[in-house]
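A short write-up of the structure that comes next.
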Amino acid sequence: MTVPLDAAVRRDIPKPSESDETVWGSDAIADMLRAMDIPYVLLNPGASFRGLHDSLVNHLGNEKPQMVVVLHEEHAVAIAHGYTKVTGKPLVAILHSNVGLMHGSMAIFDAWVDRVPVIVLGATGPVDASKRRPWIDWIHTAQDQAALVRNFIKWDAQPASIPSAQEALLRARQIATTAPQGPVYVCFDAALQESKLAASPALPDPARYLAPPPARASDEVVIQAADWLSKAKRPVILMGRVSRDEKGWAERIQLAETLNAEVLTDLRVGAAFPTDHPLHAAPSGAFLTPAAQAVLREADVVLSLDWLDLSGTLKQAWGEAAVGSKVIQVSVDHYSHNGWSMDHQGLPPVDLFLLCEPEPAVTLLNQHVKQRTTPAPAKRVVAAAPAAVAGSMTVSTLAATLRRAVGEQKLCLMRLPLSWSGEMWDFRHPLDFLGYDGGGGIGSGPGMSIGSALALKGTDRLPVAVIGDGDYMMGVNALWTAANARIPMLVVVCNNRSFFN
């Protein structure tokens with residue numbers, strides 16, 4: 001193989017093989033991935049998908065999509081997850097049989113809880129038992145492989161023909177990218193991949209099988225919400241799970257400024273509002289600070305833009321007392337809730353429900369809200385980050401040192417540790433910070449950061465991940481992929497030298 005030195009990401013170029021007119025089932029699957037405009041597939045080679053692997057190399061030439069090799073299946077999914085947090089577009093992770101799916105299951109759960117679309121492809125040893133090799137094909141074949149992850153994916157399929165395989169890929173992308181977004185799983189029979197076809201099948205046009213446009217709330221509830229917010233004495237906006245779109249960012253600022261509404265943000269999700277804005281009322285964190293609790297408790301109308309754990313957040317402010325504010329919820333997250341996973345958190349009290357994503361809701365609210373003449377309360381004085389003790393290295397010291405080192409360079413903080421506090425760094429753009437991993441799967445940091453750095457390569461942003469030592473040690477071999485694929489990034493490890501509790 002040869003390696004072009006000027007490639008955006010290091011790519012192995014296979015030597016041309018002898019001309020062969022044979023059309024394999026896996027060729028048709030690979031053709032569909034290319035037609036779907038998937039730029040990269042993440043994989044660790046496995047025999048169950050050797051047919052698809054061969055087609056990616058020898059049929060497509062390892063281009064569109066290009067393979068990015070990983071050392072562990074969990075990293076394959078994590079890298080895809082991190083890439084999508086930047087771009088909003090899904091990648092494909094290919095996992096080997098039941099064992100690879102078990103390896104990757106933690107990262108799939110992270111993507112599920114984070115509501116991020118990842119297309120996971122798998123394979124199983126020949127479904128036809130007469131075609132299985134002794135021993136290895138038997139232990140790597142499962143009757144219902146998707147059952148391993150079905151409780152935390154949106155959809156799965158095991159197609160039995162090439163036309164149904166192509167359709168399954170189109171449906172997988174459509175479902176994964178329909179809100180609330182999430183991972184999907186398609187499993188291919190090894191024998192189906194290696195079947196000979198009489199001719200290349202006609203490809204459906206992928207543009208005709210996209211996710212539907214975002215839903216919009218009814219005019220009635222939008223007008224009611226706008227009226228409550230416009231007449232409120234102390235409105236508060238909880239900026240939750242939103243996109244990395246700059247237009248959406250500007251419209252959220254417009255809404256807050258029109259209403260003179262105080263704003264709270266969450267360090268568990270990506271940047272949603274400029275944290276140095278006068279209306280940003282308290283530093284972000286994984287939990288409410290005392291100042292943030294006071295802001296929420298004093299509100300008479302609360303607008304939740306798909307806020308993560310609205311019930312738990314209101315309880316932090318109100319304790320066991322009834323919530324005294326009117327609550328407007330903007331979300332479609334309940335469509336993903338099930339009886340197995342408790343990631344849906346508690347059931348919040350809601351007085352008005354806008355059944356749509358935050359972006360269309362904010363656009364509509366901006367058309368109806370009235371300028372509030374009552375100014376927002378003066379921004380509360382927030383205690384500065386604790387000063388460094390002589391001879392010690394604290395997280396706040398690290399943050400200040402990193403800030404001095406990068407100067408005016410644009411950064412993307414791809415990951416921050418739980419010990420980070422919102423007053424340590426201001427976010428002024430939706431790509432300034434990408435949030436956490438969703439499921440709290442320690443070891444996700446390196447892989448997800450590599451995926452985000454892959455998406456940022458060629459931009460004007462320096463990709464930086466500040467991760468804990470446990471997260472680093474559990475996922476450290478993911479960094480081989482970054483080195484091998486020539487993906488630049490800076491990883492800073494916060495080593496507290498203890499697991500604590």
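Between ALA405 and SER195, the contour length at 0.36 nm per residue exceeds the alpha carbon distance by 70.0 nm. Compared with the dominant Cα axis of the chain, that is its longest principal axis, helix 219-231 is turned about 40°. Per residue, the convex hull spanned by the Cα atoms of the chain measures out at 162 cubic angstrom. Where does the chain land at 222 nm, in deg cm²/dmol rounded to the nearest 500, when only DSSP H runs of n ≥ 4 count, each adding -39500 (n - 2.57), divided by all residues? Value at 222 nm, helices only: -10000 deg cm²/dmol. Rounded to the nearest 20 debye, the dipole size of the stretch 121-202 about its Cα centre is 100 debye, using +1 on the Cβ of Lys and Arg and -1 on the Cβ of Asp and Glu. Taking Cα atoms, how many degrees apart are the long axis of helix 73-87 and the longest axis of the chain, rounded to 10 and kept between 0 and 90? That helix lies at roughly 50 degrees to the long axis.
Remark: the stretch 298-375 carries a charge dipole of roughly 300 debye about the Cα centre, counting +1 on each Lys and Arg Cβ and -1 on each Asp and Glu Cβ.
Rounded to the nearest 10 degrees, the inclination of helix 358-368 to the longest alpha-carbon principal axis of the chain is 40 degrees. Stretching the chain fully between LYS247 and PHE287 yields a gain of 11.6 nm (0.36 nm per residue, less the alpha carbon separation). Taking 7 Å steps out from each Cα toward its Cβ at THR87 and THR394 produces label points 4.1 nm apart.
Rounded, prolate or oblate, given the Cα gyration tensor of the stretch 1-155, with a/c below 1.5 counting as rounded? It is oblate, given that a/c is not under 1.5 and a/b is not larger than b/c.
Please report the antiparallel percentage of DSSP beta bridges with both residues in the chain, rounded to the nearest 5.
10
Ordering VAL301, VAL9, TRP112 by Cα displacement along the dipole of the chain toward the positive end leaves VAL301 in first place; charges were set at the Cβ atoms of Lys, Arg (+1) and Asp, Glu (-1). Summary: within the chain, the longest segment free of chymotrypsin sites (Phe, Trp or Tyr not before Pro) located in DSSP loops with at most 10 other C-beta atoms within 10 Å is 136-339. Our summary gives the chain a relative contact order of 17 percent, counting only alpha carbon pairs under 8 angstrom and 6 or more residues apart.
Each value in this text was obtained by applying a stated rule to the coordinates, not by laboratory testing. All values derive from a computational prediction rather than experimental measurement. All Cβ positions, glycine included, derive from the backbone under ideal geometry; neighbour counts span all protein chains shown.
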